[in-house]
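What follows is a set of notes on a single structure, which appears directly below.
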Number of protein chains: 4
Amino acid sequence: MDLQEVLNDIRTEVLDAGLKGSLPDYIPELANIDPEKFGMHLQTLDGRSFSFGDSQEKFSIQSISKVFTLVKAFQYKGSILWDRVGVEPSGDPFNSLQQLEFESGIPRNPLINAGALLTADILVSELKNPKLDFLEFVRSLAGSREVYYNEKVAYSELSCSHRNAAMVNLMKSFGNIQNDVNLVLDFYCHACSIEMSCTELAKAFLVFSNHGKLPHDQQQILSVSDTKRINSIMHACGFYDEVGMFSYRVGLPGKSGVGGGIVAIHPSDYSVAVWAPELNGKGNSVKGMMALELLTTKTGYSIF
Amino acid sequence: MDLQEVLNDIRTEVLDAGLKGSLPDYIPELANIDPEKFGMHLQTLDGRSFSFGDSQEKFSIQSISKVFTLVKAFQYKGSILWDRVGVEPSGDPFNSLQQLEFESGIPRNPLINAGALLTADILVSELKNPKLDFLEFVRSLAGSREVYYNEKVAYSELSCSHRNAAMVNLMKSFGNIQNDVNLVLDFYCHACSIEMSCTELAKAFLVFSNHGKLPHDQQQILSVSDTKRINSIMHACGFYDEVGMFSYRVGLPGKSGVGGGIVAIHPSDYSVAVWAPELNGKGNSVKGMMALELLTTKTGYSIF
Amino acid sequence: MDLQEVLNDIRTEVLDAGLKGSLPDYIPELANIDPEKFGMHLQTLDGRSFSFGDSQEKFSIQSISKVFTLVKAFQYKGSILWDRVGVEPSGDPFNSLQQLEFESGIPRNPLINAGALLTADILVSELKNPKLDFLEFVRSLAGSREVYYNEKVAYSELSCSHRNAAMVNLMKSFGNIQNDVNLVLDFYCHACSIEMSCTELAKAFLVFSNHGKLPHDQQQILSVSDTKRINSIMHACGFYDEVGMFSYRVGLPGKSGVGGGIVAIHPSDYSVAVWAPELNGKGNSVKGMMALELLTTKTGYSIF
Amino acid sequence: MDLQEVLNDIRTEVLDAGLKGSLPDYIPELANIDPEKFGMHLQTLDGRSFSFGDSQEKFSIQSISKVFTLVKAFQYKGSILWDRVGVEPSGDPFNSLQQLEFESGIPRNPLINAGALLTADILVSELKNPKLDFLEFVRSLAGSREVYYNEKVAYSELSCSHRNAAMVNLMKSFGNIQNDVNLVLDFYCHACSIEMSCTELAKAFLVFSNHGKLPHDQQQILSVSDTKRINSIMHACGFYDEVGMFSYRVGLPGKSGVGGGIVAIHPSDYSVAVWAPELNGKGNSVKGMMALELLTTKTGYSIF
């Protein structure tokens, strides 16, 4: 199968479909992005890569960073991490304060906001220079030093982060946050503000296809078994309360962000990142969802 | 009817009943109080007063202060206050984050924590020196200058006020808090830390029996109609999620606090305050509830 | 004060206000009622009566019947009734399955649907001929034999009573319903279908102003103390999730029904019934609410 | 790899672990089962089979039948099925009435009770002799005529099915059930009462590994694409509110039942059924979960 041709067809079909969505309005830097941006990059384990459009343009990875904070926290804590955060889908369309209150400050999983604030708390405790050290970790995954925070985005989010502040405070009231809430929020907003291109994201996620071993330097950052677990969590929890629909339509583990990016992997095979800023009502890129659905339909490569 | 004799009988019957409860454990200053303290003071509109026990010893009024912040905020805002806070009982045993989230940051009523944080926000905006001016207002109600904040209690509560911080942040995320969250929390914790005796509280609440006119200086602080409304809110919302049971057993508008105080009024007739630190599972003084139930049973003076 | 003049003024002011509401659409017999109907009847304990408009026309009392089933069940069970149903306001705008599930099949209070289904279950157990005997009881309260079920309304409701069926089944799953669910639903729908006029309703509720003694034959149907309790429950729970607002605006214990009727009492003084079919979003008569608010404002006779 | 040896090791390790759980107490026929029963059967697409223990003994498949009703309803309705039931995990530990009410009578997915009652309603509409025709369908999947309902279990469940009755009635109140509620419940309880052995279940599920084609007669019962979708739904929703943990530990699509059975598939490869009656707090077989976790760990064959 000619994968470049598959990607070209995907691009055409998605553009022809004329899908519309909306941009997130609470962060000026995201609201003013060109809604026509559209890029995709597929990276195979055997070293081939395929792409189209704005695949090399950096964008705000937002919630995709939750996978990176999860992996780093899991490296430090191992399975005792699950004493402080679950692995179940949240199933809750109304964000998470209600659920978080009901479940005594234990977030449902590490890929919703509350759970990522929890892994942020762990990294603030464990890392010597949390923001610097975490950035270096993401760079090592991507195999590139050209990965940065966008400070303007970080502070913009921090200044309107009252709901996240409510969540950290609620978790702290249950004893499940150890650091000062402002430190945790600052770290969290910085992690969300990281900017990467589809190419960089696909490369950074290839480790999850590769059973935990970084393809570019053969470093084993997670055991084979733990990598399966991260993949399973991405699959069960990576798309807010649309995980079932993503699994139904696409059938790959992955993670989306409100910056319009989605990254997914096919175990033992490839990773793929797509970027198109317009979002559906669940916060997932409309064009990105369709592009990935077409990918697994055309290639027959879903996990099911 | 000899009301002093009624009070004496109440004291005996309550002590004979051997009721047990627990002290709040999250504030050292409240946890270490002598659980045997027990006082009561009844003040009639025609100037008579009756009391027993520790009726003149000051204690932490805690949530009883929510009536004072409500009245002051109502003086400033009038009925537009109800755009930002409701007048319905909360009916929610699980504190209020869930309800507050579901109802878009509008607290159910001004006598639950979220609602009192909202009136605190209004007073922080309206008062020139919020903490000083508010204390003067409470002193004017009590007709006594010997009313003070307990700074140790205030800071002790502030340091463990994560759940309240979660609520203010959640309300701010919905645009229903105007000031800095720390300013609001500081004011709120100070208001809760006010210390008054049963005698002082009964005097301060007599204005609600007297249709809004301060008995000691004839100043009309609320209109007749607005006073009825405050009484109706106390009756519908003054006892956490035990309002129905308090109404069923006692049948008077009032307000309780986790310091063990309860104050209640009989319109056109009297006010009464009781203090006994041990609380039932709903946060209301066990001896205080029984004492007030006996009072309305023995005198036949409930509102029903 | 000339109470007939007060009522005349209320009629004029309410009609001038041009209030609009909607008719319940799920029961044809209620949807087709003339929305302009408007009547009121006030009955004093000392034997005077005042009225206007359609005060003698019968209408479907609907949820007002919940007070009658409560009183009859309370006569049989006394305070052990509260093991199976609470006395707290429900505070829940989304009807009650969620709350009922969370609280293990114990309805919040006897004046919401779930609670009235519970008292219906008790009466189905206790009464020899449940529907006949209950009708006789209501007739004895009203002092009139001209009170009937409307069978067409009863069966119309029964045929679209799936939500009520859900509630009875849920309670039965928790062991809190003893009879066959269809028997309970049949009894409940018949009780709701009773038709009475404002005059008959005011007379039937006068017993709650009169400390439990029927005015027309001096029979004590409830003790003084239990009558206070029924009044307190009406006050805390009689208006769905608008109890606080009714208390705030009117300040009397009472009960409303989706047939457009509201009945309220002033202890030791009077009972009053008003009927106007158009409802607000909470299911309470819009004209009826305003009429009662004007009554307590003009007479100064609220309980607060 | 010698799969029979793998199964033998699994049996030994699971028995050595001494896991304990409890039997469901609401159905006498399930409560009295021998808790030591333990069998497993693995069936590969290339025709090999491996097993141990009580793999040929029939047991009550209970909720595993929800996959069969889903597939049959999906055959009739295609993707318009998703107008009446979702594909998202429920994430709700407190069964589903609350969620069902909040989401207007649309069940979260077809593998929770509410969703299976919905597919039951469809089959009652579509099948000429619903119970007979459905049984024939299951027999055709299993390639065996020796599959039967257990009428005693069916009626035992029907008689204590009040919570299910509450759900059907609630859905009917939202217009999402077309048939008489008793017909739907009767069909549903019969489907749950089907008895099959591990061997039969593994054979019946092999079609989901085989891209929708029945291995024994090459009949295509679902398209390739629809089979992926059924697998994705099993993976996202097949284990009550423990789907994330099952995915994390096992990493295969599957379905469990309170009869102690679990069946799972590896796409393009094999199906596997395990039976051990003792359940964990989430309603899944404790030994079964461990056996399947060991299977994917030892073989490395998870989907991730």
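The values are calculated or read from the model by the stated rules, or taken from the named source; none is laboratory data. Keep in mind that what you see is a predicted model, and the values were worked out from it rather than measured. Here Cβ is always computed from backbone atoms with ideal geometry, including for glycine, and neighbour counts include all displayed protein chains.
Matching residues to (1) modelled with pLDDT of 95 or more; (2) in a helix (DSSP H, G or I); (3) within 14 Å of chain D (Cβ to nearest Cβ); (4) crowded, with 23+ Cβ neighbours inside 10 Å:
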residue: A:N176; (1), (2), (3), (4): yes, no, no, no
residue: A:L183; (1), (2), (3), (4): yes, yes, no, no
residue: A:D186; (1), (2), (3), (4): yes, yes, no, no
residue: A:A191; (1), (2), (3), (4): yes, yes, no, yes
residue: A:A202; (1), (2), (3), (4): yes, yes, no, yes
residue: A:F208; (1), (2), (3), (4): yes, yes, yes, yes
residue: A:D217; (1), (2), (3), (4): no, no, no, no
residue: A:D226; (1), (2), (3), (4): no, yes, yes, no
residue: A:M234; (1), (2), (3), (4): yes, yes, yes, yes
* **Residues being farther than 25 Å from D:V87 by Cα and in a loop (DSSP other than H, G, I, E, B) - total across segment D:111-170** => 10
* Asked: Are any residues in segment A:215-235 closer than 11 Å to A:P253 by Cα, in contact (Cβ under 8 Å) with a residue 60 or more places away in the chain and in contact with a strand residue (DSSP E or B) (Cβ under 8 Å, 6 or more places away or on another chain), and if so, which ones?
  -> A:M234, A:H235
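Quick grid of which residues meet (1) of a type in the set (A, V, I, L, M, F, W, C); (2) under 25 Å from B:I262 (Cα atoms):
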residue: B:K72; (1), (2): no, yes
residue: B:L81; (1), (2): yes, no
residue: B:V87; (1), (2): yes, yes
residue: B:S104; (1), (2): no, no
residue: B:R108; (1), (2): no, yes
residue: B:L118; (1), (2): yes, yes
residue: B:N129; (1), (2): no, no
residue: B:A142; (1), (2): yes, yes
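Across segment A:56-83, which residue is farthest from A:C198 (Cα to Cα) among those that are part of a helix (DSSP H, G or I) and of a type in the set (V, I, T)?
Taking segment A:56-83 as the starting set, the residues that turn out to be part of a helix (DSSP H, G or I) are A:62-83.
This time we only want the ones that are of a type in the set (V, I, T), so: A:64, A:67, A:69, A:71, A:80.
On the way: A:I64: 12, A:V67: 16, A:T69: 19, A:V71: 20, A:I80: 33 Å.
Selected residue: A:I80.
Please go through segment C:283-303 and pick out each residue that is in a helix (DSSP H, G or I) and among the small types (G, A, S).
Once the filter is applied, which keeps residues that are in a helix (DSSP H, G or I) and among the small types (G, A, S), segment C:283-303 yields C:G288, C:A291.
Only residues that are part of a strand (DSSP E or B) and not aromatic (F, W, Y): list them for segment A:45-55, please. Quick ask: steps written out before the conclusion?
From segment A:45-55, those part of a strand (DSSP E or B) are A:49-53; that's our starting set.
A:S49, A:S51, A:G53, listed by residue number.
Take B:I106 and tell me if it is surrounded by fewer than 22 Cβ atoms within 10 Å (Cβ to Cβ), outside the structural domain of B:T199 (by TED's automatic domain parsing) and not in a helix (DSSP H, G or I). Walk me through it before giving the result.
On the way: surrounded by fewer than 22 Cβ atoms within 10 Å (Cβ to Cβ): yes; outside the structural domain of B:T199 (by TED's automatic domain parsing): yes; not in a helix (DSSP H, G or I): yes.
Judged against the criteria, B:I106 is a match.
One line per residue, one yes/no per condition, for (1) among the polar types (S, T, N, Q); (2) within 18 Å of the chain's Cα centre (by Cα); (3) not assigned by TED's automatic domain parsing to the domain that holds B:N164:
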{"residue": "B:Y188", "(1), (2), (3)": "no, yes, no"}
{"residue": "B:K213", "(1), (2), (3)": "no, no, yes"}
{"residue": "B:H216", "(1), (2), (3)": "no, no, yes"}
{"residue": "B:N231", "(1), (2), (3)": "yes, yes, yes"}
* Structure fact -> Of those in segment C:236-257 that are aliphatic (A, V, I, L, M) and surrounded by 24 or more Cβ atoms within 10 Å (Cβ to Cβ), the residue farthest from C:F59 (Cα to Cα) is C:A236
* Scan of segment A:265-304 for residues that are of a type in the set (A, V, I, L, M) and within 12 Å of another protein chain (Cβ to nearest Cβ), ordered by number -> A:I265, A:I303
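Please tell me if C:L100 is in contact with a helix residue (DSSP H, G or I) (Cβ under 9 Å, 6 or more places away or on another chain), free of Cβ contacts under 8 Å to residues at least 60 places away in the same chain, outside the structural domain of C:D226 (by TED's automatic domain parsing) and among the hydrophobic types (A, V, I, L, M, F, W, C). Quick ask: steps written out before the conclusion?
On the way: in contact with a helix residue (DSSP H, G or I) (Cβ under 9 Å, 6 or more places away or on another chain): yes; free of Cβ contacts under 8 Å to residues at least 60 places away in the same chain: no; outside the structural domain of C:D226 (by TED's automatic domain parsing): yes; among the hydrophobic types (A, V, I, L, M, F, W, C): yes.
So C:L100 fails the test.
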* Asked: Are any of the residues in segment C:30-52 in contact with a Ser or Thr (Cβ under 8 Å, 6 or more places away or on another chain) and over 28 Å from C:H266 (Cβ atoms)?
  -> yes
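Please verify whether segment B:34-54 includes one or more residues that are in the same structural domain as B:E126 (by TED's automatic domain parsing) and acidic (D, E). Explain how you work it out, then say what you get.
In the first step, residues of segment B:34-54 are kept if they are in the same structural domain as B:E126 (by TED's automatic domain parsing); the result is none.
Scanning segment B:34-54 turns up no residue that is in the same structural domain as B:E126 (by TED's automatic domain parsing) and acidic (D, E).
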* Structure fact -> Within segment C:237-257, the residues that are under 18 Å from C:T69 (Cβ atoms), at pLDDT 95 or above and more than 10 Å from the chain's Cα centre (by Cα) are C:P253
* Structure fact -> Residues of segment C:155-174 being crowded, with 22+ Cβ neighbours inside 10 Å and more than 14 Å from chain D (Cβ to nearest Cβ), in sequence order, are none
* **Subset of segment B:258-279 (residues that are surrounded by fewer than 24 Cβ atoms within 10 Å (Cβ to Cβ) and either in the same structural domain as B:V71 (by TED's automatic domain parsing) or within 11 Å of the chain's Cα centre (by Cα) (or both))** => B:V258
* Structure fact -> Within segment B:67-98, restricting to residues that are polar (S, T, N, Q) and more than 8 Å from every other protein chain (Cβ to nearest Cβ), the one that is nearest to B:M171 (Cα to Cα) is B:S96
* Taking only segment B:55-95 into account, find how many residues are more than 18 Å from the chain's Cα centre (by Cα) and either hydroxyl-bearing (S, T, Y) or not assigned by TED's automatic domain parsing to the domain that holds B:A154 (or both). => 2
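For (1) closer than 21 Å to C:N284 by Cα; (2) modelled with pLDDT under 95, each residue gets a yes or a no:
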residue	(1), (2)
C:N95	yes, yes
C:R108	yes, yes
C:L117	yes, no
C:L123	no, no
C:K131	no, no
C:R139	no, no
C:V147	no, no
C:S161	yes, yes
